[in-house]
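Take a look at the structure below.
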Amino acid sequence: MGDRVVGDTADIRRRLDEVGYLVDEGTASALFLALSLGRPLLLEGEPGVGKTTAAKALARALDTPLIRLQCYEGLTVGEALYEWNHQRQLLAIRLAESRQDRLRDADLFTAEFLQERPILRAVRHDGPVPPVLLIDEIDRADDEFEALLFEFLGESAITIPELGTFTAKRPPIVVLTSNRSRDLHDALRRRCLYHWIDFPSPERTVEILRRSVPAANEPLIRSAAEFVGRVRGYDLDKAPGMAEAIDWVSALSALGATELVREDVVRTLSAVAKTPDDRETITGALDQLVGGARGATA
Amino acid sequence: MPADRRAGLLPGVDRAALAVALADRLRRRGVPVGFTATEDFVRGLEVSPPDSVSDLYWTARITFVRRHTELEAFDAVFAAVFGGVVTALDPNARRRRVPEPGGDDAFAPVPAPSAEVEGGGGLPWVTLPPVTAEAETAFTAQAVPERLPSDVEGLADVPFEQLDERAAEVLGEWLRAAVAAWPTRRSRRTATGPRGRRVSVRATAERSRRTGWEPFHLVRERPVDKPRRVVMLCDVSQSMQAQAAAYLHMMRALALVAGAEVFAFATSLTRLTPALTHRSAAVAVEQATEKVADRFGGTRIAANVHALLASHHGAKLRGAIVIIGSDGWDSDDPESLAAGMARLRRRAHRVIWMNPRASAPGFEPTVAGMAAALPYCDRLLPADTFRSLRQVIDEVSRIR
């Protein structure tokens with residue numbers, strides 16, 4: 001790429017920090033390489049480690065629009081790339097008939113009748129900084145959809161048969177996320193850089209919580225971070241991620257808690273435990289969990 | 001990471017040579033590194049010249065590795081090259097297996113059974129018992145192997161213990177043919193067709209080009225049906241020794257035709273889908289056998305059900321037909337199994353339990369594990385011969 005958007009790994013880390021997103025070295029390197037090599041980045045990791053947030057924060061840090069494509073089964077060209085405005089085309093045909101004009105294909109398939117969908121919008125974006133295109137939860141789309149993406153991911157271009165090929169002036173910054181509910185095709189992986197985001201370390205969790213829930217006080221944050229770390233060790237249906245931890249600490253501090261007490265934990269447990277089974281497991285182990293956390297902070 | 005030993009890391013190093021050498025090492029350890037990735041790495045070194053080994057690590061990892069499962073091998077190679085640590089090479093590291101010549105399974109010759117005990121060259125999971133009752137099998141000594149349908153039909157009723165390896169393969173193919181009318185689910189993808197209910201505007205506008213832009217033909221679209229996902233869990237513990245090979249063939253048939261996810265377990269869970277989908281049945285079964293490290297150990301059904309639910313493959317259980325092949329002898333707590341099965345039942349569309357003992361006269365599911373799991377199963381089916389396996393498949397295909 002000719003014009004560099006960011007200087008180096010430390011630079012992107014600092015800029016993400018400024019918009020309130022703390023990254024570890026690995027994630028910072030991944031984002032930096034994706035930016036400077038102009039390659040799409042595939043982010044994988046447990047639910048709630050901040051994959052989607054990474055893309056959002058990147059857009060804010062670079063001060064560029066975030067274009068989001070939520071994937072689902074049955075996603076087609078019409079929803080992801082472009083669609084012809086058939087209704088307007090039909091109207092144009094009627095209009096031409098009433099004027100006794102003769103219409104040719106070229107008159108009907110022009111940019112005027114083209115409806116942009118997220119990917120085409122990202123390709124045609126005109127600005128000093130390329131937009132961030134977030135293709136969220138690509139594993140939820142079916143494998144037919146992956147094939148649609150190949151031209152775009154490889155060449156930042158989209159070919160519309162009736163109109164021609166659109167190539168991005170500056171390749172958009174593409175972030176794909178996946179929860180691994182389905183194995184992605186090798187052809188898709190080959191076109192992307194790959195990064196696996198781990199659960200943040202306890203110290204980083206504390207930092208993130210401090211940043212996300214400024215109202216909460218220090219002992220509460222510390223013991224909550226430790227509590228969540230321990231809970232992940234239990235056999236749960238849905239282990240609490242970073243998002244749940246933030247929700248939970250917000251809930252605790254909204255209730256005016258200043259440290260982790262059993263009653264408050266029980267009242268706010270629904271922010272951490274997302275199934276009845278998990279609720280039961282955590283309630284059963286509460287004595288060790290809370291007692292241990294208090295012992296560690298004392 | 002040890003401290004930086006090279007001042008300004010990689011001064012004057014030929015980046016291309018480094019990248020190619022590293023890629024080559026990774027490939028030898030089974031990480032499939034493509035040319036694109038190698039190029040990315042070189043460009044990555046250019047845009048961010050590494051100051052430390054950890055910088056270099058992240059650049060290499062992000063450009064070379066494409067899936068989570070490759071991370072371990074990558075870390076080992078990286079540590080060996082740059083960490084100054086020589087890790088012991090894994091003796092089992094992905095030995096290359098040469099596929100047998102002529103992978104055409106359906107017409108492979110079936111050796112006539114001999115009176116002697118066959119050597120250990122067969123399936124490593126099964127110590128073949130001496131075949132004494134020749135009259136029960138359809139083969140005669142010295143005969144040219146005949147592949148008549150009736151042969152297969154006859155073989156299908158022979159208990160697993162008395163089948164040799166090739167016969168099992170032939171029967172595996174026979175099962176594969178049975179997986180045809182598979183239950184489907186309605187997907188959100190649409191296709192045009194005369195039976196559709198909705199008018200597809202895009203296709204109609206396209207068609208109207210032929211009629212002077214008059215939408216004369218209305219093109220309709222309807223949702224596409226997709227095969228319902230199947231997840232099969234197969235017990236390969238000591239008590240299931242006789243059935244293990246046959247169940248592998250059934251899992252292979254399901255994985256190939258119905259795109260099933262298949263797992264084997266004894267004390268721990270092993271995913272066999274990639275291994276079993278090999279073109280040749282013999283190689284597939286051999287690969288699968290090699291992958292399962294704990295075969296013929298004890299059984300921990302509950303722990304393995306929980307492990308499957310907790311892993312990222314747990315999402316594949318949603319809306320799936322789950323087939324569990326086990327005799328229900330479980331060294332875990334029955335309550336734990338009941339809890340796991342309840343969770344499984346909530347995620348799955350149907351749960352079917354195949355029990356090799358269920359065909360015995362007077363069978364009652366009194367084994368603690370079986371009794372605990374039964375309330376959460378839609379069906380308990382016998383599975384002691386290939387015919388009964390086929391009946392399981394028929395049963396599944398009736399599910400709507």
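The values are calculated or read from the model by the stated rules, or taken from the named source; none is laboratory data. Please read these numbers as outputs of a predicted model, since none were measured by experiment. In this analysis, Cβ positions are derived from the backbone assuming ideal geometry, glycine residues included, and neighbour counts consider all displayed protein chains.
A few notes on this one:
- Wholly enclosed strands (runs of 3 or more DSSP E) of region A:6-120 bearing at least 2 residues within 14 Å of chain B (Cβ to nearest Cβ): A:41-45, A:82-84, A:114-116
- Here B:THR87 clears all of (1) at pLDDT 90 or above; (2) of a type in the set (Ser, Thr, Tyr); (3) outside any helix (DSSP H, G or I) except the condition numbered (1).
- Cross-chain or 6+ apart pairs with Cβ under 6 Å, region B:254-276 first and small (Gly, Ala, Ser), then in a strand (DSSP E or B): B:ALA255/B:VAL262; B:ALA258/B:PRO227; B:ALA258/B:VAL230; B:ALA260/B:VAL230; B:ALA260/B:MET232; B:ALA264/B:CYS234; B:ALA264/B:THR270
- Scanning region B:21-66 for residues being of a type in the set (Lys, Arg), at the interface with another protein chain (Cβ under 9 Å from one of its Cβ atoms) and more than 15 Å from A:ARG39 (Cβ to Cβ) gives a total of 0.
- A:ARG230 being closer than 19 Å to A:PRO200 by Cβ, of a type in the set (Lys, Arg) and away from every other protein chain (no Cβ under 14 Å): yes
Condition check ((1) over 20 Å from A:ALA34 (Cβ atoms); (2) modelled with pLDDT of 85 or more; (3) surrounded by 13 or more Cβ atoms within 10 Å (Cβ to Cβ)) across all residues:
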position: A:ASP105; (1), (2), (3): yes, no, no
position: A:GLU116; (1), (2), (3): yes, yes, yes
position: A:LEU120; (1), (2), (3): yes, yes, yes
position: A:VAL123; (1), (2), (3): no, yes, yes
position: A:VAL129; (1), (2), (3): no, yes, yes
position: A:LEU133; (1), (2), (3): no, yes, yes
position: A:ASP136; (1), (2), (3): no, yes, yes
position: A:ARG140; (1), (2), (3): yes, yes, yes
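- Which listed residue, of A:ALA239, A:ALA245, A:ALA224, is crowded, with 19+ Cβ neighbours inside 10 Å, in contact with a Lys or Arg (Cβ under 6 Å, 6 or more places away or on another chain) and not assigned by TED's automatic domain parsing to the domain that holds A:THR53: A:ALA239
- Scanning region A:194-221 for residues that are surrounded by 17 or more Cβ atoms within 10 Å (Cβ to Cβ) and within 24 Å of B:ALA315 (Cβ to Cβ), we see that the one that is farthest from the other protein chains (Cβ to nearest Cβ) is A:PRO200.
- Meeting the requirement of 3 or more residues that are within 14 Å of chain A (Cβ to nearest Cβ) and buried (at least 19 other Cβ atoms within 10 Å of the Cβ), the helices (runs of 4 or more DSSP H) wholly within region B:215-318 are B:301-310.
- Looking only at region A:153-169, and only at residues there that are within 27 Å of the chain's Cα centre (by Cα) and over 22 Å from A:GLY127 (Cβ atoms), the one that is modelled with the highest pLDDT: A:THR159
- Taking the criterion of being part of a helix (DSSP H, G or I), farther than 21 Å from B:VAL257 by Cα and touching a residue at least 40 places away in the same chain (Cβ under 8 Å), the only residue of region B:373-400 that qualifies is B:ALA373.
- Count of region B:328-337 residues which are crowded, with 18+ Cβ neighbours inside 10 Å and either within 12 Å of chain A (Cβ to nearest Cβ) or of a type outside the set (Asp, Glu) (or both): 5
- Picking from residues in region A:165-181 that are surrounded by 17 or more Cβ atoms within 10 Å (Cβ to Cβ) and charged (D, E, K, R), the one that is farthest from the other protein chains (Cβ to nearest Cβ) is A:ARG170.
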